[in-house]
Amino acid sequence: MAEHSVVFSFFLIFSGAAVLASIALYTRQPLLVAYIVLGALLGPYWLGYISDTAMLADISHIGIIFLLFLLGLDMQPSHLVQMIKKATWVALGSSVIFLGIGYTAGIFFGYTQTEALIIGAALMFSSTIIGIKLLPTTVLHHRHTGELVVGLLLLQDVIAIIVLLFLYSGQGDEGMMGLVKPLIALPLLIGTGFLLVKYVILPLIQRFDRFHEYIFLLAIGWCLGMAELAQYAGLSAEMGAFVAGVALATSPISQYIATNLKPLRDFFLILFFFSVGASFNLALIPQILLPATLLAVIVVAFKPIVFRYLLKTIKEDDQISWEVGFRLGQISEFSLLIAYIATSAALIGQEASHVIQATAILTFLLSTYVVIFNYPSPIAVSDKLRRD
């Protein structure tokens with residue numbers, strides 16, 4: 001089928017999303033289910049109306065960058081450092097456990113040792129998008145539960161970046177330097193971010209704060225500029241965006257910026273979930289259905305138990321430990337990236353890659369259902385649990 005214009009593609013995506021989202025709301029389903037289903041329906045492996053999923057994935061990546069920027073705007077640096085120190089053991093312990101579980105399951109299903117190891121690596125992380133999108137604003141800003149979720153996700157992001165660096169180093173010629181460079185770059189990026197905010201960004205905001213359009217423009221430029229700087233330094237764009245947000249968090253203007261950027265973030269996140277559905281090769285379902293389903297069930301069932309046990313070791317109470325575990329009971333968008341990079345580097349085959357992708361989609365959906373039926377969230381099924 002011929003490729004359509006970008007405008008027509010956006011018409012199909014957002015008009016289709018509006019229709020399916022309406023059906024989802026009437027049937028009390030989470031909206032992201034509608035976006036993923038629409039992607040599978042319109043993508044190249046079903047109706048084929050939208051075939052350039054790589055372009056959509058690139059565009060939708062901006063949504064993740066804005067999500068991390070807005071998250072940074074809500075985090076006071078002193079609280080963040082304290083929480084990361086406290087949660088380091090939990091993040092490392094859970095990562096090792098799920099690396100072992102994924103590796104064992106991969107070997108059991110007959111994949112090579114390298115494929116099993118990468119499947120295990122994909123199971124280590126929880127989704128920043130799901131974890132934060134399902135947190136009510138009051139919990140994210142003011143509750144200990146929100147601090148724990150954010151601290152663990154950030155530590156997992158750091159571990160994920162290290163895993164991605166190993167995968168990238170297998171494709172390039174930098175060798176050990178490719179791993180050392182980001183470790184040096186991170187503190188430099190943080191220092192640069194705080195200095196630029198103090199001596200450039202805040203003075204500009206104070207001088208031209210009457211021009212709301214300018215504040216909006218400056219915030220987007222600052223976010224994307226730090227994201228690009230982080231990528232240039234060998235880190236992830238998400239990490240740069242988060243540093244950009246944290247550097248601005250102590251300023252009174254941070255909440256104004258956060259409020260105004262949320263609609264832009266949601267626009268790109270719709271594209272992200274659409275591209276997840278559209279990129280999935282439906283023809284491989286018969287080969288991957290059993291391993292992907294088993295892995296998804298293991299993740300959704302055991303992540304809450306593992307997090308509950310590990311959080312108890314740092315003196316967290318039962319109720320908070322279980323809630324954090326269920327909110328982190330899925331694998332991550334980083335897992336999708338691991339699958340794509342490992343496939344392009346010929347470390348894993350298409351079947352193993354799609355096992356990871358299918359597991360990600362299933363855990364996105366299953367864990368979302370668990371959270372919206374049991375905990376406060378902006379898209380909770382019951383009015384009693386719905387919190388913006």
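The values are calculated or read from the model by the stated rules, or taken from the named source; none is laboratory data. These numbers were taken from a predicted model, which means no experiment stands behind them. Note that each Cβ is placed from the backbone with ideal geometry, even for glycine, and that neighbours are counted across all protein chains shown.
Assess whether GLY151 counts as being touching a Leu at 6+ places or on another chain (Cβ under 8 Å), assigned to a helix (DSSP H, G or I), at pLDDT below 80 and surrounded by 19 or more Cβ atoms within 10 Å (Cβ to Cβ). No, not satisfied.
Yes/no per residue for (1) modelled with pLDDT of 85 or more; (2) aromatic (Phe, Trp, Tyr); (3) under 22 Å from SER367 (Cβ atoms); (4) touching a helix residue (DSSP H, G or I) at 6+ places or on another chain (Cβ under 9 Å):
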site: LEU25; (1), (2), (3), (4): no, no, yes, yes
site: GLN29; (1), (2), (3), (4): no, no, yes, yes
site: LEU32; (1), (2), (3), (4): no, no, yes, yes
site: ILE36; (1), (2), (3), (4): yes, no, yes, yes
site: LEU41; (1), (2), (3), (4): yes, no, no, yes
site: THR53; (1), (2), (3), (4): no, no, no, yes
site: LEU56; (1), (2), (3), (4): no, no, no, yes
site: GLY63; (1), (2), (3), (4): no, no, yes, yes
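Among the criteria (1) closer than 20 Å to VAL163 by Cα; (2) buried (at least 23 other Cβ atoms within 10 Å of the Cβ), the one ALA278 does not fulfil is (1). Given the criterion at pLDDT below 90 and over 28 Å from SER9 (Cα atoms), identify the matching residue among VAL246, VAL276, VAL299, VAL306. The conditions single out VAL246. The lone criterion from (1) under 12 Å from ALA122 (Cα atoms); (2) over 16 Å from the mean Cα position of the chain (by Cα); (3) at pLDDT 90 or above left unmet by ALA342 is number (3). With respect to the conditions (1) part of a helix (DSSP H, G or I); (2) touching a Phe, Trp or Tyr at 6+ places or on another chain (Cβ under 8 Å); (3) under 21 Å from GLY63 (Cα atoms), ILE331 falls short on a single one, namely (1). For segment 347-357, check the following and say yes or no: at least one residue is touching a helix residue (DSSP H, G or I) at 6+ places or on another chain (Cβ under 9 Å), assigned to a loop (DSSP other than H, G, I, E, B) and buried (at least 23 other Cβ atoms within 10 Å of the Cβ). There is at least one residue in segment 347-357 that is touching a helix residue (DSSP H, G or I) at 6+ places or on another chain (Cβ under 9 Å), assigned to a loop (DSSP other than H, G, I, E, B) and buried (at least 23 other Cβ atoms within 10 Å of the Cβ).
Could you run through segment 291-322 and say how many residues are assigned to a helix (DSSP H, G or I), farther than 27 Å from LEU31 by Cβ and without any contact (Cβ under 8 Å) to a residue 24 or more places away in the chain? Residues meeting the conditions: 7.
Residues that are assigned to a helix (DSSP H, G or I) and either surrounded by fewer than 17 Cβ atoms within 10 Å (Cβ to Cβ) or free of Cβ contacts under 8 Å to residues at least 12 places away in the same chain (or both) do occur in segment 231-248.
Go through segment 11-58 and give me each residue that's outside any helix (DSSP H, G or I), exposed (fewer than 14 other Cβ atoms within 10 Å of the Cβ) and on the phi < 0 side of the Ramachandran plot. Of everything in segment 11-58, those that are outside any helix (DSSP H, G or I), exposed (fewer than 14 other Cβ atoms within 10 Å of the Cβ) and on the phi < 0 side of the Ramachandran plot turn out to be THR27, LEU47. Applying the condition of being touching a Ser or Thr at 6+ places or on another chain (Cβ under 9 Å) and surrounded by fewer than 19 Cβ atoms within 10 Å (Cβ to Cβ) to segment 358-378 and asking which residue is farthest from LEU290 (Cα to Cα) yields PRO378.
The residues of segment 107-136 that are modelled with pLDDT under 90, assigned to a helix (DSSP H, G or I) and of a type in the set (A, V, I, L, M, F, W, C), listed by number, are ILE129, ILE130, ILE132. Considering segment 185-231, the residues that are under 15 Å from ALA241 (Cβ atoms) and of a type in the set (S, T, N, Q) include one that is modelled with the highest pLDDT, namely THR192.
Residues in segment 54-87 that are under 18 Å from the mean Cα position of the chain (by Cα) and of a type in the set (Ser, Thr, Tyr): SER60 alone. Scanning segment 75-132 for residues that are surrounded by fewer than 23 Cβ atoms within 10 Å (Cβ to Cβ) and β-branched (Val, Ile, Thr) yields VAL81, ILE84, THR88, VAL96, ILE97, ILE101, THR104, ILE107, THR112, THR114, ILE129, ILE132.
In segment 3-10 there is at least one residue matching the filter, namely being surrounded by fewer than 19 Cβ atoms within 10 Å (Cβ to Cβ), free of Cβ contacts under 8 Å to residues at least 60 places away in the same chain, in contact with a Ser or Thr (Cβ under 8 Å, 6 or more places away or on another chain) and not in a helix (DSSP H, G or I).
Residue pairs whose Cβ atoms lie under 6 Å apart, sitting 6 or more positions apart in sequence or on different chains, and linking a residue in segment 145-164 that is free of Cβ contacts under 8 Å to residues at least 60 places away in the same chain to a partner that is in a helix (DSSP H, G or I), are GLY146/VAL139; GLY146/LEU140. Please enumerate the residues belonging to segment 39-96 that are within 20 Å of VAL197 (Cβ to Cβ) and without any contact (Cβ under 8 Å) to a residue 40 or more places away in the chain. Matches in segment 39-96: SER78, VAL81.
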